[in-house]
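First comes the structure, then the notes that go with it.
The values are calculated or read from the model by the stated rules, or taken from the named source; none is laboratory data. This structure is a prediction, so every number in the text was calculated from the model and none was measured. So basically every Cβ, Gly included, is an ideal-geometry build from the backbone, and we count neighbours across all protein chains shown. We work out accessible area using only protein heavy atoms, side chains counted, and drop any ligands, DNA or RNA first. Shrake-Rupley method; radii C 1.70, N 1.55, O 1.52, S 1.80 Å.
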Number of protein chains: 4
Amino acid sequence: MQKRSFASDNNAGIHPQVLEAISQVNQGHALAYGNDDYTKSVLEKFQKLFRRPIKAHFVFNGTSANVLGLSAITKPHHAIFCAETAHIQVDECGAPEMFTGCKLVDIPTVNGKLTVELIRPHLKGVGDQHHVQPRVISIAQSTELGTVYTRAEIKALADFAHENDMYLHMDGARIANAVALIGKPLRTFTQDVGVDILSFGGTKNGILAGEAVLFLNPKLAKDFLFVRKQGMQLASKMRFIAVQFDALLTKNLWIENATHANRMAKLLEKEIKSKTKIKITQPVDANAVFAIVPKTLIAKLQKKTFFYVWNDHTLEVRWMCSFDTVASDIHEFVKLIQDYSK
Amino acid sequence: MQKRSFASDNNAGIHPQVLEAISQVNQGHALAYGNDDYTKSVLEKFQKLFRRPIKAHFVFNGTSANVLGLSAITKPHHAIFCAETAHIQVDECGAPEMFTGCKLVDIPTVNGKLTVELIRPHLKGVGDQHHVQPRVISIAQSTELGTVYTRAEIKALADFAHENDMYLHMDGARIANAVALIGKPLRTFTQDVGVDILSFGGTKNGILAGEAVLFLNPKLAKDFLFVRKQGMQLASKMRFIAVQFDALLTKNLWIENATHANRMAKLLEKEIKSKTKIKITQPVDANAVFAIVPKTLIAKLQKKTFFYVWNDHTLEVRWMCSFDTVASDIHEFVKLIQDYSK
Amino acid sequence: MQKRSFASDNNAGIHPQVLEAISQVNQGHALAYGNDDYTKSVLEKFQKLFRRPIKAHFVFNGTSANVLGLSAITKPHHAIFCAETAHIQVDECGAPEMFTGCKLVDIPTVNGKLTVELIRPHLKGVGDQHHVQPRVISIAQSTELGTVYTRAEIKALADFAHENDMYLHMDGARIANAVALIGKPLRTFTQDVGVDILSFGGTKNGILAGEAVLFLNPKLAKDFLFVRKQGMQLASKMRFIAVQFDALLTKNLWIENATHANRMAKLLEKEIKSKTKIKITQPVDANAVFAIVPKTLIAKLQKKTFFYVWNDHTLEVRWMCSFDTVASDIHEFVKLIQDYSK
Amino acid sequence: MQKRSFASDNNAGIHPQVLEAISQVNQGHALAYGNDDYTKSVLEKFQKLFRRPIKAHFVFNGTSANVLGLSAITKPHHAIFCAETAHIQVDECGAPEMFTGCKLVDIPTVNGKLTVELIRPHLKGVGDQHHVQPRVISIAQSTELGTVYTRAEIKALADFAHENDMYLHMDGARIANAVALIGKPLRTFTQDVGVDILSFGGTKNGILAGEAVLFLNPKLAKDFLFVRKQGMQLASKMRFIAVQFDALLTKNLWIENATHANRMAKLLEKEIKSKTKIKITQPVDANAVFAIVPKTLIAKLQKKTFFYVWNDHTLEVRWMCSFDTVASDIHEFVKLIQDYSK
């Protein structure tokens, strides 16, 4: 195992409280496939985050949380609108198209965030048999560029979606980081403003593996048990997925982890800005810092520690902080940049 | 958490050595998606089980191991032959059809085991554009009925498959139980006799979650990285899947666990036969005992401990033993039967 | 072009009145894709065959009529029950599985006809996430074995389907032959007794190409325009599909053609029975005659005229009559049998 | 039926020679599904258009010719590059995604024509399991904007495709119009320069219904019979599809029809330019004229004759000529424009 890097929050390991919780439920037998009482009790804990009824289901990972959630609300002749930078568009190897049959309509954005104005020109051919039919707007919160939608921005998208017979889907692989930034309860910028389905991320926030698909509009979950099983995402030893979320939800560990990661990203931004000439390219809302870095400097840094070059043409790189990033990681990294920049 | 039951080997928890191993690798960061050196090293350990080169990849669960393995070797116009009782036919909610597009041709058997004679009449319409084209024979080892194919039986199926331009796929969700029974190395009844792809089970043999798809015919793995990702089965924190298999493969824990479970099933069979009038219906090769039980007795027993009625019409039930079953579980259970049968 | 044979009713050509009708509408331009008034007027003619509102749409062929109709009422986790001999099971190269994602549950029958009793044992696992969910019973009228369901038989299946939250789908590639036999209006044994979707065949009854999907339960047609287009079955010069059905529906040409074909089959049956020792194996309800024929006789006959051996093991053959079969075709054929049997 | 319009070449009817040819083969019975000698003979006529071996297969329409051709050379994790205006991207209701599972990468162009320079930036993530893998470049000849690729432009794309382990697919719904413009044999700008698959259009060039999928790289046709049948595009009375192409290929009717349509488009362009102030927006290479027309004028014209507004924002309209357009149609239409523009 290497040391901590800024490559991705999914390079981090398991939060000690999560691992301890797994150990605690490793007693005797439990009914498989989520039919045990313990799993049911954890699923109900998600309800407490919302005012109105929801339905929650576990899957193994983020791609399936997104794809199966989308699958539950689409037919193959539908269109799904997303940002050009969306994980479902770029990083899921075509799983959304393959599994739903739908066309993804990817829309360029400045900062990873869709707006009604950006989507509207693509809302065409409605009712015309030759064209895929608009059905879903899918946004990420926080976005793949580390930005965070405001409550008002989400409400505008949800209202627009619903006025046009569409649903609003939220990829919340890093939903905790958005809660941490906004500082208001999750429901205020999701169910309360009209988000229909939320992929509630766990893996990038300190657990071993697992995501929850939250149907904030619960009637959309009607067939989801079958969609999940046919989607090959039904865990047999479900209690061990459930317990990880139990640990996250206990004493707000999920928000605590994300708050820390966000704070580290802010520290990294501050140190970069004050001690180097490197240009930060995106608002540091959540736990990511995007920056333009000279090619030779990238090469030198990557010999010491791995991170991703986001754009080969512009030399924009991405540095992610995670629940286990510590201040000294940042100071060492910025020191490295300083040394290599001399 | 309830006590140990005979419901299923996937009702058991995590073997202590597996959990300890997870804890051991929970240090620092590691590259995600299987790009870390540790995961690579564990994948290479599977190679030691075979003489000729293989390719190994991890997925989350048994359904996906089967479906994605099949997907790697089929086109949608192909047919997959399997036993009427096969997990892929009965228990995967149509995932094989949905994901591969293929038709499953399910064939009745006496004991869950396919033979060339059973398959041959279904090998028709070859080259005729109206009909799905034979491509795969899929068998389970051990079978869903707790029986185990002999090396010779597997060789006959593999030869028949290859003579007819088909592949032999093996669902090894309980492959360790077969090794434990046969008492010969895994390769002797898989790669050595022509099995092309093996789903190497972990979950039912004491791990938290994870299966390995072993391409014993490695050229069939050509596109599998993409099939797996598009199949939504790429774990980001892959080291934690890998480490569970590392624990299993260390000092033959996988075989030890299975040997124990098989031995417990034999004990259960012996006790049932000697102390009750219940009829055992299948050879107890692996870790399952099938039996016909009177309806009223089933009801009484299920009030105390859960198990599955396999066939509502014949009142055949299934009792599974697992790595953590202990002799007293069996004695208590048989005592219960005796008491309730008075 | 060879002479008329008994190979299949789709070996016949175009009825002269149909060809003449095509010629008649070949004037000037017409809006494509069914948006022309003429096509709309023909679709409305189907309405006259029924009491309650229906929706009718054209496609190119029988496979697509079946598959797209089924696609309109299923999700990939559904099961479709059909006879083991069903065209959708045997002769569509897995198109139903590929396009709908569903599992086909094929059920052995004596004469190609499903019954409630045959289906009931397969109605299991309802509500259980591991199993495909019953959704459709699909029957052929007339069947692939030349038999015809009675009104009562269809009603029993429709009632059973609806009681179990399923639909009844009818493959009517040879629906006209059933009307001709039953001698009552089409609606009496379809919409009136609960058939939900009917593939209304044209190709096998004297047209160049085309089938109509009739949603007898019109609300099921909601998305069908998109299903058809995405299913690659939207004809651009639609008026030429429409006109063929116009010709068929004019002065009951469709029933007249089928009545003739049925009569020819009855004549063939009578001649075979009275003049040869060949055993007829199925009731001759519609336009097919099934018979067991000695291998050497098959070989001799096929040198003169082609027909299909239905079952290589039993040497059951199929002889189909069509709208253009004439009595002398039959007399010559039976004479040939007599000569070769000496 | 309405008079001739400039709405689309698929609003035209059947060329008299094609209808006559259909009538000629309407004699006796013929083996179905393309197994008749006549169909085989027509398929062989396509070979004469090329130097090296090809494989030809008929389907019903243009969407299926494209989608099934693409399906023959892709797996679901592949990417297909096409122009933003491509028929497969815009007008096929997501059939390519649904049937192939692939992602379509649509690329903006000036005139409907892709170039290596336009595609190159999208050729990324090769070998990376997270991303769809480049597999096909699909171009239309002539394009949806009425422009025609030169031989050199096609060669550049083919070379680029092959250097990058991709295929070049050509949507030739209007291939005859390209031949008519270029004035060289079809092979010179297709097989000779590396086109792998060509959808050879018939419907828009004077036939009732039918397209041919030409595998100019014949080894790619390996499974196509099954792909076509499972794709629901196997015509039973195939001789009637074949005969239409026989008529087209006889005495170069296909080129003659297209030459006429192109000439009419040139005349329309000339008349518009010389007699009105309307701006033509695209080079008139083939049989389409694109122009910007004032909103009020569009409304007046459409009361008399239908045509499509291509772009609601720019008020660009499309006028198509067809094999049956006559000079007086154009003079009347331009006169109408002149009158309404006063």
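Quantify, in whole percent, the carbon and sulfur part of the accessible surface of segment D:29-80 (1.4 Å probe; protein heavy atoms only).
52
Run the label-point distances for C:Pro283 please: 7 Å along Cα to Cβ, every other copy, nanometres, shortest first.
4.6, 7.0, 7.5
Explain nothing, just compute: Karplus ³J(HN,Hα) = 6.51 cos²θ - 1.76 cosθ + 1.60, θ = phi - 60°, for every residue of segment C:112-128 in order, whole Hz, x for Gly and Pro.
x, 9, 6, 9, 4, 5, 6, 7, 3, x, 8, 8, 9, x, 5, x, 8
Name the trypsin sites (Lys or Arg not before Pro) in segment A:237-330 that are in a loop by DSSP and that have at most 13 other C-beta atoms within 10 Å, would you?
Those satisfying the criteria are A:Lys277.
Count charges around B:Leu68 for me, please; just the other residues with Cβ under 11 Å from its Cβ, Lys/Arg as +1, Asp/Glu as -1.
Once positives and negatives cancel, what remains is 0.
Between beta-carbons, use under 13 Å as the cut-off and find the net charge around C:Arg51, counting Lys and Arg +1, Asp and Glu -1.
+2
Return the calculated 222 nm mean residue ellipticity for the protein assembly as shown, to the nearest 500 deg cm²/dmol, obtained by summing -39500 (n - 2.57) across DSSP H runs with n ≥ 4 and dividing by the residue count.
Rounded to the nearest 500, it is -11500 deg cm²/dmol.
For B:Gly28, place a label point 7 Å from Cα along the Cα-to-Cβ direction in every copy; what are the distances to the other copies, in nm, shortest first?
Copy-to-copy label distances for B:Gly28: 4.1, 8.2, 8.3 nm.
Using alpha carbons only, how many angstrom separate the centre of segment B:37-69 from the centre of segment D:1-33?
57
Give me the distance between the Cα centres of segment D:172-225 and segment C:180-200, rounded to whole Å.
The distance from the Cα centre of segment D:172-225 to that of segment C:180-200 comes to 44 Å.
For chain C, what is the accessible area per residue in Å², given a 1.4 Å probe and the full set of protein chains? Provide the component values of the computation, followed by the final result.
Details: 12120 Å² over 342 residues.
With the other protein chains kept in place, chain C gives 35 Å² per residue.
Out of the trypsin sites (Lys or Arg not before Pro) in segment A:1-52, which ones are loop residues according to DSSP with at most 10 other C-beta atoms within 10 Å?
A:Lys48
Picking from D:Leu253, D:Leu267, D:Leu198, which is most flexible by a Gaussian network model of chain D using Cα springs under 10 Å?
D:Leu267
Among bridges DSSP assigns within the protein assembly as shown, what percent are antiparallel (round to 5)?
Expressed as a percentage, antiparallel bridges in the protein assembly as shown total about 50.
Please name the residues of segment C:93-117 whose accessible area, counted over protein heavy atoms with a 1.4 angstrom probe, falls by no less than 50 Å² between the chain alone and the full protein assembly.
C:Cys93, C:Glu97, C:Met98, C:Phe99, C:Lys103
Share of antiparallel DSSP beta bridges in segment A:14-252, in percent to the nearest 5?
Taking every DSSP beta bridge with both residues in segment A:14-252, the antiparallel ones total about 35 percent.
Pick out which of B:His131, B:His87, B:His15 has the largest mean-square fluctuation in a Gaussian network model of chain B, springs linking Cα atoms closer than 10 Å.
So, out of B:His131, B:His87, B:His15, the one fluctuating most is B:His131.
Net charge around B:Glu332, counting only other residues with Cβ within less than 12 Å of its Cβ (Lys, Arg = +1; Asp, Glu = -1)?
Local charge sum for B:Glu332: +1.
Nearest 100 Å², what total accessible surface is buried between chain D and chain B (probe 1.4 Å)?
What D and B bury together is about 1700 Å².
Using a 1.4 Å probe on protein heavy atoms, which residues of segment C:36-78 have at least 30 Å² less accessible area in the complex than alone?
Buried by 30 Å² or more upon assembly, which counts only protein chains, are C:Phe60, C:Asn61, C:Thr63, C:Lys75, C:Pro76, C:His77.
What part of the accessible area of segment A:209-341, given as a whole %, is carbon or sulfur when the probe is 1.4 angstrom?
Carbon-and-sulfur percentage of accessible area, whole number: 57.
So, with a 1.4 angstrom probe, what is the percent of accessible area on segment C:104-181 that is carbon and sulfur?
Carbon and sulfur together cover 52 percent of it.
Name the residues of segment D:201-233 whose accessible area, probed at 1.4 Å, falls by at least 50 Å² once all protein chains are in place instead of their chain on its own?
Listed in order, they are D:Leu208, D:Asp223, D:Phe226, D:Lys229, D:Gln230, D:Met232.
Could you please point out the chain D residue with its Cβ nearest to the axis of the rotation taking chain D onto chain A, and the distance in whole angstrom?
Measuring from each Cβ to the axis, the minimum is at D:Glu97, 2.
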